[in-house]
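Taking it in order: structure first as structure tokens, then the write-up.
Rule-based calculations on the coordinates, nothing more; no lab input. These figures come from a predicted structure and were not determined experimentally. Ideal geometry is used to build each Cβ from the backbone, glycine not excepted, and the neighbour counts take in all protein chains shown.
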Amino acid sequence: MEISSTITETEPQKFALPVDSEHKATEFHLFSSAAPHMRAFHLSWISFFSCFVSTFAAPPLLPIIRDNLNLTATDIGNAGVASVSGAVFARIAMGTACDLFGPRLASASLILLTAPAVYFTSIASSPISFLLVRFFTGFSLATFVSAQFWMSSMFSGPVVGTANGVAAGWGNLGGGATQLIMPLVFSLIRDIGAVKFTAWRIAFFIPALFQTLSAFAILIFGQDLPDGNYQRLQNSGNKQKDKFSRVFYHGITNYRGWILALTYGYCFGVELTVDNIIAEYFYDRFNLKLHTAGIIAASFGLANIVSRPAGGVLSDMMAKRFGMRGRLWALWAVQTLGGVFCIILGQVGSLTASIVVMIVFSVFVQAACGLTFGVVPFVSRRSLGVISGMTGGGGNVGAVLTQLIFFKGSKYSKETGITLMGVMIVCCTLPIFLIYFPQWGGMFCGPSSEKIATEEDYYLSEWSSKEQGKGLHQASLKFADNSRSERGRRVHSQTLPSNATPSANV
Amino acid sequence: MAATGLLLGLILVLGCFSEICVATISFSSLQTTLVVTVSHPRRLLRAGEDKITVRWGLNQSLPAGTDSAYKTIKVQLCYAPISQVDRAWRKTEEHLSKDKTCQFKIVKMPYTTGNQTLEWTIERDVPTATYFVRAYALDANDHEVAYGQNTDAKKTTNLFEIQAISGRHVSLDIASVCFSVFSIVSLMGFFFVEKRTGRKAQQ
């Protein structure tokens, strides 16, 4: 399955990594930046990291900002909700944009359009303006979808979980890194001579500039697919331009997308919530200094450097042995354990125990995020972007709901809120039991035995016979063939049925 | 194996107990022996600009020797109840080590008998809120033993408001706008260049 020269009529291409029939890399070499695969990886995680840094730049400085802007706990809660609610629809829109225009243009546009919100944070002067800038900055979290889409376009089944996990994990790292970076930048500026209420404003230029520069890097160095950019491929006839309405329809009518959206809300959504509340929680509950609270809060997000990739790697490992069923079981188990540790975190009262439990909790919750995106690339081929967007958007809905219910105003103490959040995680992870692929099975059922279900049947069901007659489904066919690895060890013992005959053109 | 487990358990247990060992002085155990008054030029004061004059001393109607244990005096700016609403980080707690009512130190100096006066310029990092002034008398171990405040026990009289600085500067405003415009314009520039090279490649 390793082809290193192409069959397009333009120019012959040689790739630095081994590739499959879609030219997606079948291996993942972390320390290479070879074009196009690994370069796309580095561009996507760095730009996503910068968006996370910007979105969560305010929380570690809240003890200063809340005094400067005269915020109440309700104002802070509202801004926290706003910061993650913008991305709910932005992620779905981004998914569609990726399907239609390609991840490179879609992500760079979003990043440059949200950079002004970060610059304007420096001049916020009231609770309302603070809420607005956090709302618009939060839109940039939709780059998650383009990053996952890009990885799913560049990397093949056996390594897609790993690629998605590392890209997203290292991007999410921004939520932790910012809790270290912002207090540090703030103290540097204050020590130079600025007064507290000015120093935090100047500090916001750092994430804003970083975000702007990463967008430039994507535009200059990135490309959408292993074979080139969408526009050029569409112009030369190598890629069919799909219809928005069909792409959107096939995405939203796939029930698995909705279930994953819900469960992602309770691993990633929880991660976003904790990014918003944890620094203040440690600062207020244990009377720590600002930058100590920042360091502890940072360790939550910093665990992403290994835990989310580990989730992706675990997903790929389970798939190798048990196929898609292994991926689903691992996801359910890890996410439920994350919920259990969240319950414990709200109960412990000492600083040391809180830190230890928080770190364990973070590992499980972030690994669950990595495991989710080991499943997502297989839910749909035609509407991969929409499914990624729905799942990603669901993550943000989870964050919005959790902050609204448990962390707004003064109704629950933060520790009670954390415990209740843990209970909600356990409950909202149960729907994974309902996910079923006819060709691979679900958690409790094996693959369909009523008729011989194949990968081709599943992926070609997204194309009408008229569309198949025009040959629009070729990419899905290739993908179906490549996805046979999701049968696990059975792939070698079962003969492949030949009832799916591709139309004879090109 | 067992030894490391035991050590870890010991560290966790000690961590849990460390909270209890801090001295727990409660506010209601303090005697109200000091008299504090504050005068200010107007009701709404500006941080960084206006001054307040604080006067404190022992209540003269008390027997002599009441203040024999007082070694240091600590005068603080404290939040009035109206500025504590929906702000748990300014909450009043019984135990002084947990109390967050008074977060700004006006002065801390050795205690002397007789009345003292201090003119204090409001610092620039004081936030917008309603305040009163409280003075604590500390003993040789730096523990609070008595206090006095310029308002009544319910903290409703003689309060004053302070307006904080905004922290904004014209140069910051201009920089924000310029960089934002630059981001949008450069995006449009990229699109323009892409369309042009796309058209050229097709020709």
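Each stretch of four or more DSSP H residues adds -39500 (n - 2.57); spread over every residue of chain A, this sum gives -22500 deg cm²/dmol at 222 nm. For chain B, the percent of C-alpha pairs falling in each 10 Å distance bin, counted from 0 to the bin holding the largest distance, reads 7, 24, 22, 14, 11, 10, 7, 4, 2, 0, 0.
Each listed q (0.20, 0.21, 0.22, 0.24 Å⁻¹) maps to a log10 I(q)/I(0) for region A:127-235, found by the Debye formula over equal Cα scatterers with no solvent: -1.18, -1.24, -1.30, -1.40. Using the Cβ of A:V376 as centre and a radius below 13 Å, the other residues enclosed give a net charge of +3, where K and R count +1 and D and E count -1. Using Cα centres only, tell me the gap between region B:30-51 and region A:62-133 in whole Å. For region B:30-51 versus region A:62-133, the Cα centre distance is 40 Å. Ordering B:K154, A:K243 from the fewest to the most neighbouring beta carbons within 10 Å gives B:K154, A:K243. Short to long, the 10 Å bins of the Cα pair-distance histogram for region A:255-453 hold 10, 36, 32, 15, 6, 1, 0 percent of all pairs. A Förster radius of 60 Å, combined with the Cβ-Cβ distance separating B:H143 from A:L30, puts the computed FRET efficiency at roughly 0.60. Each Lys or Arg adds one and each Asp or Glu takes one away; over the other residues whose Cβ falls under 14 Å from the Cβ of B:R43, this sums to 0. Taking each of A:K196/B:K98; B:K91/B:K155; B:K71/B:K108; B:K98/B:K155; B:K74/B:K100 in turn, the alpha-carbon distance tops 22 angstrom for A:K196/B:K98. Could you work out the percent of alpha carbon pairs in the protein assembly as shown separated by over 34 Å, rounded to a whole number? When every Cα pair of the protein assembly as shown is considered, 52 percent fall beyond 34 Å.
Treating r as the C-beta distance of B:A175 and A:F221 and R0 as 30 Å, the FRET efficiency rounds to 0.60. Put simply, region A:35-225 fits an ellipsoid with semi-axes of 31, 17, 13 Å; these come from the alpha carbon gyration tensor as the roots of five times its eigenvalues, largest first.
Put in order of Cβ neighbour count within 10 Å, fewest first, the listed residues A:C369, A:C428, A:C445, A:C51 become A:C445, A:C428, A:C369, A:C51. Here the Karplus curve 6.51 cos²θ - 1.76 cosθ + 1.60, taken at θ = phi - 60°, turns the phi angles of region A:361-366 into couplings of 4, 5, 4, 5, 5, 6 Hz, with x standing for Gly and Pro.
The relative contact order of region A:35-225 comes to 43 percent, based on Cα pairs under 8 Å that sit 6 or more residues apart.
All other residues whose Cβ lies under 13 angstrom from that of A:G169 are scored, Lys and Arg at +1 and Asp and Glu at -1, for a net of 0.
Distance from the C-alpha centroid of region A:377-412 to that of region B:110-163: 49 Å, rounded to the whole angstrom. Taking each residue as 0.36 nm, the span from A:V195 to A:M443 lengthens on full extension beyond its C-alpha to C-alpha distance by 83.5 nm. Computed from label points 7 Å out along Cα-Cβ, the spacing between B:T112 and B:R196 is 7.8 nm.
Ranking of A:F15, A:F373 by neighbouring Cβ atoms within 10 Å, starting from the fewest: A:F15, A:F373.
Here the calculated FRET efficiency for B:Q103 and A:I405, from their Cβ-Cβ distance with R0 = 35 Å, stands at 0.70, rounded to the nearest 0.05.
Extending 7 Å from Cα along the Cβ direction at B:V185 and again at A:V360 yields two label points whose distance is 5.6 nm.
Relative to the longest principal Cα axis of chain A, at what angle does helix A:143-154 sit, 0 to 90 degrees, rounded to 10? Around 30 degrees separate the two axes.
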